[in-house]
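Below is one structure, written out as structure tokens; comments come after it.
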Amino acid sequence: MRKKGLYVIVMMALFSWAWVSSYSDEEKTRIDNEEFGNPKRVACVYDHDEHMEASELEECNVCHHLYEDGKKVEDETSEGESCAECHEVNSSEDTLPLRKAYHTRCKGCHMTEKAGPILCGECHQR
Ligand code: HEC
Ligand code: HEC
Ligand code: HEC
Ligand code: HEC
């Protein structure tokens, strides 16, 4: 009888944990991964404003760079354009494919700065 009571309490705790975590999951801001069609991973968690503050970045074109005729235009940004407009999902001739563009930019900085997530599950977080 006592054991059954404990079982019920454990199950109730598990259910409420599952409910809370599924609920908070909806609150996370993520990078749009629709471009990938059939994504393998859950989209990367990323809150644009929070990240600006946390990383203490000031230049927008660290990410939103602008290229013209294959050359980077310094001091200009492409902030209205999505990465996918220039970086196609499937590798084209001479631009990085979209996944690589993201991983190189995002993970790349986290590794050199020794700050920010570098493990798959830290970014592609349920
Ligand atoms: C710094 C954050 C970060 C890390 C770490 C990271 N990714 Fe990503 N990844 C992204 C972003 C941003 C995208 C672009 C779209 C999105 O959000 O899924 C992406 C896209 C992808 C895609 C293409 C979309 C899809 O789901 O099919 C795959 C596959 C992927 N990542 C796998 C991985 C694997 C495997 C690892 C670990 C080896 C990893 N990623 C680590 C940020 C990250
Ligand atoms: C660390 C990288 C990074 C930095 C720095 C950054 N952004 Fe972004 N921004 C992104 C990513 C990633 C997206 C989503 C792009 C996509 O969907 O292709 C985005 C999207 C946007 C969008 C489109 C918004 C939307 O809802 O679709 C605007 C506008 C924008 N950024 C403006 C800025 C401005 C202004 C700055 C500088 C104050 C800035 N960004 C700095 C990474 C960055
Ligand atoms: C106006 C078009 C354009 C937009 C928008 C754009 N890129 Fe690029 N990007 C290029 C071109 C062209 C190159 C040079 C060829 C190459 O290496 O792919 C490049 C190079 C890169 C590189 C390798 C060189 C470097 O700077 O480290 C990364 C990483 C990258 N882009 C990530 C991104 C990400 C992430 C976004 C969105 C936040 C983005 N790009 C938006 C055109 C663009
Ligand atoms: C130029 C450097 C730089 C670039 C580029 C960059 N990050 Fe970061 N990121 C940081 C730093 C530094 C931190 C650690 C901030 C702190 O101390 O919490 C961080 C933290 C994070 C965190 C955890 C903290 C939070 O509040 O967001 C996530 C998630 C993240 N980055 C995702 C991304 C993604 C996705 C991209 C690419 C679109 C990206 N980062 C590009 C420097 C960068």
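The values are calculated or read from the model by the stated rules, or taken from the named source; none is laboratory data. No experiment lies behind these values; they were computed from the predicted model shown. Neighbour counts are summed over all protein chains in view; Cβ atoms, including those assigned to glycine, are modelled from backbone coordinates with ideal geometry.
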Task: Considering residues of the range 1-37 that are assigned to a loop (DSSP other than H, G, I, E, B) and modelled with pLDDT under 75 only, the residue nearest to ligand 1 (Cβ to nearest atom) - done: 26
- [ ] Go through the range 74-103 and count every residue that is of a type in the set (S, T, N, Q) and either in contact with a helix residue (DSSP H, G or I) (Cβ under 7 Å, 6 or more places away or on another chain) or within 12 Å of ligand 2 (Cβ to nearest atom) (or both).
- [x] 4
TODO: Would you be able to say whether some residue in the range 38-57 is touching a residue at least 12 places away in the same chain (Cβ under 8 Å) and assigned to a strand (DSSP E or B)?
DONE: yes
Open item on the list: Being without any contact (Cβ under 8 Å) to a residue 40 or more places away in the chain and exposed (fewer than 10 other Cβ atoms within 10 Å of the Cβ) is the requirement here; does residue 77 meet it?
Closed with: no
Open item on the list: If I filter the range 41-56 for residues that are of a type in the set (Ser, Thr, Tyr) and farther than 18 Å from residue 118 by Cα, do I get at least one hit?
Closed with: no
Task: Some residue of the range 84-107 being more than 18 Å from the chain's Cα centre (by Cα), assigned to a helix (DSSP H, G or I) and surrounded by 15 or more Cβ atoms within 10 Å (Cβ to Cβ) - done: yes
Task: the range 108-122: number of residues that are without any contact (Cβ under 8 Å) to a residue 24 or more places away in the chain, in a loop (DSSP other than H, G, I, E, B) and surrounded by 12 or more Cβ atoms within 10 Å (Cβ to Cβ) - done: 2
Task: Residue, nearest to ligand 4 (Cβ to nearest atom), within the range 23-71, restricted to residues that are small (Gly, Ala, Ser) and within 19 Å of residue 103 (Cβ to Cβ) - done: 55
